[in-house]
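Structure, as structure tokens:
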Amino acid sequence: MKKNLLIILAFLMVQITNAQTLKETKIGKAFFLSTPDYMTRVFGLNDDAKYSAGNYDLGVFTMVIQEEKANITGNDIDLATKDKYYANAYETLKESGKILGETAPKNLKIGNADAKQLEVTLELENEDVGTIKIFYVITVIETPEYLYKIYSWTSEGEKATYTNDFKKIANSFRE
């Protein structure tokens with residue numbers, strides 16, 4: 001009887017061990033970003049965002065979209081450089097509303113990575129409140145394996161208050 005019990009226990013242990021086998025899957029690459037104390041982590045701004053922060057009371061937000069270069073070079077459009085990725089992001093932005101003003105895009109270095117940054121004010125139609133004017137600082141960063149888009153935004157009326165913070169957020173990026 002003891003022998004049968006030991007065989008049953010051994011069988012169950014093998015089954016439990018097999019059930020606990022897990023396969024590790026890599027999901028993106030870690031990156032770091034600093035945000036001001038008045039922002040906290042938020043969810044639901046964009047399904048593609050790997051990270052979002054903001055303050056609903058102040059109407060100020062930041063999100064980061066990360067794309068692996070290997071995944072975007074197989075498309076009909078090769079977007080695997082910061083310039084092409086930036087151009088695509090800019091065209092998408094133009095399609096979503098009317099551009100009221102913009103700065104010339106600036107090429108810069110963030111850490112060791114090449115980046116391109118633009119400030120733009122966009123007029124959007126919102127079902128709930130009508131026409132709204134949103135100010136964005138958009139930064140595209142290229143690392144060896146990834147492209148990142150950092151969008152920071154607020155209302156046009158708060159542009160002067162938050163522009164420097166938006167640039168500091170983008171400049172804090174590191175992998």
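Structure values in brief
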quantity: Least to most buried among ARG174, ARG41 (fewest other Cβ within 10 Å first); calculated: ARG41, ARG174
quantity: Above-threshold pairs, the threshold being 23 Å between Cα atoms, out of LYS69/LYS159; LYS84/LYS133; LYS50/LYS82; LYS69/LYS133; LYS82/LYS133; LYS98/LYS168; calculated: LYS69/LYS159; LYS84/LYS133; LYS69/LYS133; LYS82/LYS133; LYS98/LYS168
quantity: Net dipole in debye of segment 24-171 [+1 Lys, Arg Cβ; -1 Asp, Glu Cβ; about Cα centre; nearest 20]; calculated: 580 debye
quantity: VAL42 long-range amide H proximity, modeled H, under 5 Å; calculated: SER52, ALA53, GLY54
quantity: Tensor-based shape of segment 24-171 (alpha-carbon gyration tensor, a/c under 1.5 rounded, otherwise prolate or oblate); calculated: prolate
quantity: Convex hull projection area averaged over all views, segment 83-145, Cα basis, nm²; calculated: 5.0 nm²
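Where a number appears in this text, it was derived from the coordinates with a stated rule and is not lab data. In this text the structure is predicted, and so the values were computed from the model without any measurement. Note: ideal-geometry Cβ built from the backbone for every residue, glycine included; neighbour counts use all protein chains shown.
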